Amino acid sequence: MTAATIRRWLSAMAAAVVVIGAGWLSMHSGSEQEPASAARADLGSPGGPGTARADLESTISKQETILAKKPYDERAAVTLADALLRQARVTGNPGLALRAESALKRVLDQQPDHYDARRMLGAVYLSQHRFRDAIEEAKRSLQSRANDAWTYGVLGDAHLELGEYTEAFDAFDRMAALKPNAA
């Protein structure tokens, strides 16, 4: 292994630790440092619902109520999917990711290029270990917004899980260049 390869490997591992650590902190601190998009701004935002189990249950209930009345509400679907993925991590219930996928696909059936729904679907696929699907969604999202560090994180995680280290390192390098902090 060359020194450059070792540095890239260490850089990717450090990025993964930062992503995992930031996720853990946001789950346990009750706040998210910086929402990635306006549609996700509710969870963990100052003044918004928290990410504790009870707060997640409340957010899920509220968003499902909105979607029962307006099934194609993009903001509600993305917020619901985010809360369901967080709740799935807390409870270990993989069925919650299926509910998140369903809500997002309903929106995408009406608005195939809705950016926030598409990028969240990549995270849902990642949580379901559907790594190829996550890569495709991340790539599709990056066609719309090539400077989204969060989407490069999804892309890097999916490639890493598939053992595609060069692609993973490239994605993590791009992510770190765009947003060189824990958020």
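Rule-based calculations on the coordinates, nothing more; no lab input. All figures in this text were calculated on a predicted structure; none of them were measured in a lab. A quick note on method: Cβ atoms are made from the backbone with ideal geometry, for glycine too, and the neighbour counts reach across all protein chains shown.
Across region 37-183, the relative contact order, built from alpha-carbon pairs under 8 Å that are at least six residues apart, equals 15 percent.
Given +1 at the Cβ of Lys and Arg, -1 at the Cβ of Asp and Glu and no other charges, the dipole of region 42-183 around its Cα centre is 360 debye to the nearest 20.
Between D173 and H129, the FRET efficiency from the beta-carbon distance, with R0 = 30 Å, is close to 0.80.
Pairs of Lys residues in region 65-183 that lie 8 or more places apart, or on two chains, and have C-alpha atoms under 26 angstrom apart add up to 4. Each Cα pair under 8 Å and six or more residues apart adds its separation to the average, and for region 89-140 the resulting relative contact order is 29 percent.
Each label was represented as a point 7 Å from its Cα along the Cα-to-Cβ direction; for T91 and K62 these points are 1.8 nm apart. Each peptide in 160-169, 77-86, 124-133 was scored by the mean count of other Cβ atoms within 10 Å over its residues; highest first, the order is 77-86, 124-133, 160-169.
Each residue of region 120-132 is assigned a 3J(HN,Hα), and the resulting list reads 5, 4, x, 5, 4, 4, 4, 5, 8, 6, 9, 5, 5 Hz, derived from the Karplus form 6.51 cos²θ - 1.76 cosθ + 1.60 (θ = phi - 60°), x at Gly and Pro.
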